[in-house]
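Contents: one structure, followed by commentary.
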Amino acid sequence: MKIIFMGTPAFALKILQALNRQYNVELVVTQSDKPVGRKKEIVFNPVKKFAIDNNLKFLQPEKLKDNNEFIEALKIINPDIICVAAYGKILTKEILNLPKYGCINLHASLLPKYRGAAPINRAIINGEKETGITIMKMDSGMDTGNIISRYKIKIKNDDDTFLLTEKLSELGAKKLTEFIGDLISHKNYKHRKQNERESTLAPKINKKDGLINWQEDANVIRNLIRGCNPWPIAFTNLSDKTVKIFRAEIDNSLNLSPGKIKNKGGRLIVSCGKESLEITEIQKSGQKRISGKEFLNGIYNLENPFFK
């Protein structure tokens, strides 16, 4: 079974590792290197780093459409299947039609819900109680291909995007390797159309999406904090300075103006539109992460502290 793997972020890494451990990955395709951070340093994405460390052949095409050199490289391999996990680009029809068994995508949602770039973030932000992975046969749309199988998991109350990504990646790695094994044995697979009436979108998360509105209910804000961790990190403002909030717990002890900060026995409590939150991990702009208690010690001189 000749396999080409296409993926880019951390979610794709465990899936590539499992495929490479169990089968022969002929080629890894991942997105181009991009500068990150304030210094704009080039950092290899997790999939590329794994390919280099394990001597796997890899390509990073800038574009897929009308890229004859890339298409020829795929044709030389003559793949039986192309496995895709969070690659980040829409595949052309020429690529979709190339492998014997098609291009198979592992998507981190229960399709047709949460099609798009940020299904894990959006599921947490929206307060979903369950999610999962979908194995599907790709078509030319964005996560619109026929469903092969779906597997559900519960979203726990303390799951953030980092933790849930890890869980879904492990589940996806297990189920995709099982699918490949069944395909080797049976030489075919069944699939069914998605129900378009149930479809929802999960657009890419931007930094501005992390801005906290303290008029919202405490649970809504906590879901935003969880869904934005580890990126872009939910944020607010104090005395015109940006403050990032990494973790918070529901607390119903306050009923003050939204955004009002109180020191309750060394606990950092913030009033919301309904109920309140205890902030347990926080970061002032340009400083290190600290506890809520440490943060309170740093703002002791403010008479009427408010997050805005």
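The values are calculated or read from the model by the stated rules, or taken from the named source; none is laboratory data. A quick note: this is a predicted structure, and the numbers were derived from the prediction, not measured. With ideal geometry, Cβ positions are generated from the backbone for all residues, glycine too; neighbour counts draw on all protein chains shown.
Couple of notes before you dig in:
- When LEU59 is tested against (1) over 20 Å from LEU168 (Cα atoms); (2) out of contact with any Asp or Glu (no Cβ under 6 Å at 6 or more places or on another chain); (3) in contact (Cβ under 8 Å) with a residue 40 or more places away in the chain; (4) surrounded by fewer than 21 Cβ atoms within 10 Å (Cβ to Cβ), just one condition goes unmet, and that condition is (3).
- Extreme residue, farthest from ASP217 (Cα to Cα), among residues of the range 266-294 that are among the small types (Gly, Ala, Ser) and part of a loop (DSSP other than H, G, I, E, B): GLY286
- Boolean, VAL28 is outside any helix (DSSP H, G or I), closer than 29 Å to PRO119 by Cα, in the same structural domain as PRO99 (by TED's automatic domain parsing) and in contact with a helix residue (DSSP H, G or I) (Cβ under 6 Å, 6 or more places away or on another chain): yes
- Check on ILE95, buried (at least 16 other Cβ atoms within 10 Å of the Cβ) and within 17 Å of LEU16 (Cα to Cα): no
- Of ASN263, ASN297, ASN301, ASN213, all but one fail to be farther than 30 Å from ALA117 by Cβ and assigned to a loop (DSSP other than H, G, I, E, B); the exception is ASN301.
- Across the range 223-247, the number of residues qualifying as under 23 Å from PRO119 (Cβ atoms) and either in a loop (DSSP other than H, G, I, E, B) or touching a Lys or Arg at 6+ places or on another chain (Cβ under 9 Å) (or both) comes to 13.
- Matching entry among SER169, SER109, SER149 (being farther than 30 Å from ARG247 by Cβ and in the same structural domain as ILE81 (by TED's automatic domain parsing)): SER149
- Every condition in (1) free of Cβ contacts under 8 Å to residues at least 24 places away in the same chain; (2) touching a Lys or Arg at 6+ places or on another chain (Cβ under 7 Å) is met by LEU27 except one, and the failing one is (1).
- Pair list, Cβ under 9 Å, 6 or more apart: the range 233-245 residue within 17 Å of GLU294 (Cα to Cα), other residue in a loop (DSSP other than H, G, I, E, B) and of a type in the set (Phe, Trp, Tyr): LEU238/PHE307; VAL243/PHE307; ILE245/PHE307
- Residue in the range 121-133 that is surrounded by 19 or more Cβ atoms within 10 Å (Cβ to Cβ), within 20 Å of THR200 (Cβ to Cβ), among the β-branched types (Val, Ile, Thr) and touching a strand residue (DSSP E or B) at 6+ places or on another chain (Cβ under 7 Å) present: yes
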